[in-house]
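Here the structure comes first, spelled out in structure tokens, and everything after it is commentary.
The values are calculated or read from the model by the stated rules, or taken from the named source; none is laboratory data. From a predicted model like this one, the values you see are computed outputs, not experimental measurements. Don't worry about glycine lacking a Cβ; one is built from the backbone with ideal geometry, like all the others, and counts go over all protein chains shown.
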Amino acid sequence: MVALFSLWPFVNTVVLSLTDAQILRGGGFVGLDNYTRAFDDPDFWVATGNSVLYLVVVVPCLVLLPLALAVLVQAKIPGIGFFRSAFYTPVIASAVVVGLIWQWVLRSDGLVNTVFQKLRIVSEPVPFLTDSTMLLVSAMIVTVWKGLGYYMVFYLAALGNVSVSLHEAAAIDGAGALRRFFSITIPQVKPMMLLVGTLSAISALRVFTEIYILGGESGGPGGGARTLPFLIRQVGLGFAGETGYASAVSILLFLLTLVFSLLGRRLSKGDES
């Protein structure tokens, strides 16, 4: 099953990246021409920059905010189960449904702009979906909002393994809640933080749905909010789809993802040692 659905498609993508294949015809061998074309393509660099920026902004948020959320909902108080379920609800919702909801919230006549204008915070609608930079930021917000509950569960599992006796001993020594959090909780859940960082980095580099739903098929005005997966789809589909070039960009995305995965693995090993 792995060979059929993982290894063979990967090998086939590598082979296609060395050809000028298109959707409706096979291609001839062109060597590294597709990779050279990618490095000379301004659209490729815009998409790469957006993907890396997405990672730089989203990953710290998805490492720290779910941890804070897990600490809050870990308390054993009446009704806390409701809040755990509420925070996890976006995780089970379809990415398309979530994107459509946020599109309604952020559009020019949507909820946010209506409230802002009623409160006279802004005089004109904020271009959340019609400006490339704002569109990218809006997509990041959607990604973080949808991922909070997912990674919160990871941290709840890690917090459950933190020894209560350590907190009790620190409290007896006069350490406050904040001091215990940074001196006991953080070191104990650090391996989980590294895992969450690696997983969220891989997800951030693969983001597509949020950009597509919020920005449409063009990826925002002039395609300015396109990420690498979005570019791969754009150049690889359609009757004139360039399968060879799309495959080359896919391999470059794979290598970029591999770099961050190995970095996370190295940090994990260093933390263990």
How many residues, within the stretch 115-125, are part of a helix (DSSP H, G or I) and polar (S, T, N, Q)?
1
Restricting to the stretch 178-210, give me the number of residues that are aromatic (Phe, Trp, Tyr) and touching a Pro at 6+ places or on another chain (Cβ under 6 Å).
1
Looking only at the stretch 207-245, and only at residues there that are among the β-branched types (Val, Ile, Thr) and part of a helix (DSSP H, G or I), the one that is farthest from the chain's Cα centre (by Cα):
243
Residues satisfying the stated conditions in the stretch 76-99, i.e. more than 15 Å from residue 143 (Cβ to Cβ), among the hydrophobic types (A, V, I, L, M, F, W, C) and touching a residue at least 24 places away in the same chain (Cβ under 8 Å)
87
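For (1) touching a Phe, Trp or Tyr at 6+ places or on another chain (Cβ under 7 Å); (2) closer than 23 Å to residue 213 by Cβ; (3) among the β-branched types (Val, Ile, Thr); (4) surrounded by fewer than 13 Cβ atoms within 10 Å (Cβ to Cβ), each residue gets a yes or a no:
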site	(1), (2), (3), (4)
57	no, yes, yes, no
78	no, no, no, yes
89	no, yes, yes, yes
96	no, yes, yes, yes
104	no, yes, no, yes
Within the set of pairs 6 or more residues apart or between chains, which connect a residue that is free of Cβ contacts under 8 Å to residues at least 60 places away in the same chain and surrounded by 15 or more Cβ atoms within 10 Å (Cβ to Cβ) inside the stretch 112-131 to a residue that is of a type in the set (A, V, I, L, M) and assigned to a loop (DSSP other than H, G, I, E, B) with Cβ atoms less than 8 Å apart?
112/126; 113/122; 113/126; 116/122; 116/126
Which count do you get for residues in the stretch 1-55 that are surrounded by fewer than 18 Cβ atoms within 10 Å (Cβ to Cβ), polar (S, T, N, Q) and either within 30 Å of residue 137 (Cα to Cα) or at pLDDT below 90 (or both)?
1
Being crowded, with 20+ Cβ neighbours inside 10 Å and over 15 Å from residue 46 (Cα atoms) is the filter here; which residues of the stretch 214-235 pass it?
214, 215
If the requirement is being part of a loop (DSSP other than H, G, I, E, B) and either at pLDDT below 85 or under 20 Å from the mean Cα position of the chain (by Cα) (or both), which of these qualifies: 204, 175, 171?
175
Report whether or not residue 165 is over 28 Å from residue 217 (Cβ atoms) and not hydrophobic (A, V, I, L, M, F, W, C).
yes
Quick one: how many residues across the stretch 63-73 are modelled with pLDDT under 90 and either of a type in the set (Ser, Thr, Tyr) or surrounded by 17 or more Cβ atoms within 10 Å (Cβ to Cβ) (or both)?
2
Scan the stretch 137-160 and give yes if some residue there is outside any helix (DSSP H, G or I), at pLDDT below 90 and not hydroxyl-bearing (Ser, Thr, Tyr), otherwise no.
yes
